[in-house]
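The values are calculated or read from the model by the stated rules, or taken from the named source; none is laboratory data. Please read these numbers as outputs of a predicted model, since none were measured by experiment. For neighbour counting, all protein chains shown are included, and Cβ atoms are generated from backbone atoms with ideal geometry for every residue, glycine included. We work out accessible area using only protein heavy atoms, side chains counted, and drop any ligands, DNA or RNA first. Shrake-Rupley method; radii C 1.70, N 1.55, O 1.52, S 1.80 Å.
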Amino acid sequence: MTGKNIVVLGSTGSIGTQTLDVVRSYSDRLSVLALAAGTNVELMEKQIREFNPEYAVMWTEEAAESLKVKVADTGVKVLCGMDGLLAISVLEKADIVLTAVVGMIGIRPTIAAIEAGKDIALANKETLVCAGHIIMPLAEKKGVKIYPVDSEHSAIFQSLNGERHNNISKIILTASGGPFRGMTTEQLRSKTVEDALKHPNWSMGRKITVDSATLVNKGLEVLEASWLFGVEATRVEVVVHPQSILHSAVEFDDGAVIGQMGTPDMKLPIQYALFYPDRLPMNTAKLDLFKVAQLTFEKPDTNVFKGLPLALRAAKVGGSMPTVFNAANEKAVAAFLDKKIKFLEIYEFIEKAMDAHKVIDNPSVDEILAAEAEVYDL
């Protein structure tokens, strides 16, 4: 196997740091060409000194200037903002671009990387939720591979290996149920930020952890799966699986169900995406079915956890509506994390934004970003 030069967009976040754990384990096969982050200058400096990238990007000018001073003794070139993200996404030496930035910031760099013929390790849901109608045809046209990094979509991808010529009956998308599984609407009224951030199985960023609690995250994953695997959103069935051992599955026309199981560890799908089609050893605990003992499955309560039905409504309407669903959730979750609104008000804001929106069919990137801005002005 030859070495790969990787670009990591979102290197200081949960997925980004775990990606660098994989690089650390396989430094003879992976080289970091460029890193990008938001404003965490301190961690970015540590990453630069360890992984010696040629480029580093900070989202704000202030953070970039601070980083330049701190790493002046290294050879790294520091860039900033969207221009910086676009520049590192098309570097000639890059083999694969891992997109783990949060939000619609990831759309333009992903498109630029695909245009430049770079394979994509995709950990940014918003890219396909909002621009799947642009991304997927472009990837096919350019002959670019998109490797899903989300554990669920990676599981579906793995389940389809050798089965692409067979018809999919449905996709079974598993959900842990989050920290509030089994609760009533009345119980959710008093839930705090601290409560929402106590995910039972996965270690994720704050925003995604709240999305898991509302089931919005699962709704976004339904939309993403629809684009990635070419099935209607109505054929993606969400199943609550509290143990998070079966990461997702595919049911075929003959009734056979093929799924992927493993311990809940994000480094597995990250490593699989970076080294596909090779599976390399991981120094982590292996699945022990005797310890697991039993797996259980439940229907999601869509009357209580409205993130899922709202996502399905956005998928049915199509056009710019998934962008509005996503942007409204981003704004509402930010307000919840700042303790400006209550947990259930997240759903209320999303519904209000979707009701107010005039849908644009087949939106351009500019129209997608305008729809996002419209929501943020509400």
Being open to solvent by less than 40 Å² (accessible area, probe 1.4 Å) and not aromatic (Phe, Trp, Tyr): is that true of Lys198 here? no
Taking first residues from segment 144-158 that are surrounded by fewer than 24 Cβ atoms within 10 Å (Cβ to Cβ) and second residues anywhere that are in a loop (DSSP other than H, G, I, E, B) and not charged (D, E, K, R), the pairs with Cβ under 6 Å that are 6 or more apart or on different chains are Tyr147/Tyr276
Search result, residues across segment 6-25 that are polar (S, T, N, Q), open to solvent by 10 Å² or more (accessible area, probe 1.4 Å) and part of a loop (DSSP other than H, G, I, E, B): Thr12
Glu186 versus (1) open to solvent by 30 Å² or more (accessible area, probe 1.4 Å); (2) touching a residue at least 12 places away in the same chain (Cβ under 8 Å): which is the lone unmet condition? (2)
Considering only residues that are within 30 Å of Ser27 (Cβ to Cβ), open to solvent by 80 Å² or more (accessible area, probe 1.4 Å), of a type in the set (D, E, K, R) and in contact (Cβ under 8 Å) with a residue 12 or more places away in the chain, which ones fall in segment 264-310? Lys286
Please go through segment 210-237 and give me each residue that is polar (S, T, N, Q) and within 17 Å of Ala155 (Cα to Cα), ordered by number. Asn217, Ser226
Residue pairs meeting the criteria (Cβ under 9 Å; at least 6 apart or on separate chains; first at positive phi, in segment 213-230; second of a type in the set (Asp, Glu)): Leu215/Asp301
Would you check if Gly178 is surrounded by fewer than 18 Cβ atoms within 10 Å (Cβ to Cβ) and either part of a loop (DSSP other than H, G, I, E, B) or out of contact with any Gly (no Cβ under 6 Å at 6 or more places or on another chain) (or both)? no
Exactly one of (1) part of a helix (DSSP H, G or I); (2) aliphatic (A, V, I, L, M); (3) over 21 Å from the mean Cα position of the chain (by Cα) is unmet by Met183. Its number? (1)
Turns out the strands (runs of 3 or more DSSP E) fully within segment 50-137 with at least 2 residues that are open to solvent by less than 10 Å² (accessible area, probe 1.4 Å) are 55-58, 96-99, 119-122
Out of Lys316, Lys291, Lys286, I need the residue that is more than 24 Å from Lys218 (Cα to Cα) and not in a loop (DSSP other than H, G, I, E, B). Which one? Lys291
Members of segment 345-378 found to be assigned to a helix (DSSP H, G or I) and either touching a strand residue (DSSP E or B) at 6+ places or on another chain (Cβ under 7 Å) or of a type in the set (A, V, I, L, M) (or both), listed by number: Ile346, Ile350, Ala353, Met354, Ala356, Val365, Ile368, Leu369, Ala370, Ala371, Ala373, Val375
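Of the residues Glu163, Glu140, only one is free of Cβ contacts under 8 Å to residues at least 24 places away in the same chain, of a type in the set (Asp, Glu) and open to solvent by 20 Å² or more (accessible area, probe 1.4 Å); which?
Unique residue meeting the criteria: Glu140.
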So, Leu220, is that one crowded, with 18+ Cβ neighbours inside 10 Å and in a helix (DSSP H, G or I) or not? yes
So which residues in segment 75-102 are over 13 Å from Val32 (Cβ atoms), among the aliphatic types (A, V, I, L, M) and out of contact with any Lys or Arg (no Cβ under 8 Å at 6 or more places or on another chain), if there are any at all? Leu79, Ala87, Ala100, Val101
For segment 319-344, what are the residues that are part of a helix (DSSP H, G or I), more than 22 Å from Leu173 (Cβ to Cβ) and open to solvent by 10 Å² or more (accessible area, probe 1.4 Å)? Lys331, Ala334, Ala335, Leu337
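Being open to solvent by less than 50 Å² (accessible area, probe 1.4 Å) and in a strand (DSSP E or B) is true for just one of Ser248, Ser244, Ser212, Ser226. Which residue is that?
Only one candidate qualifies: Ser248.
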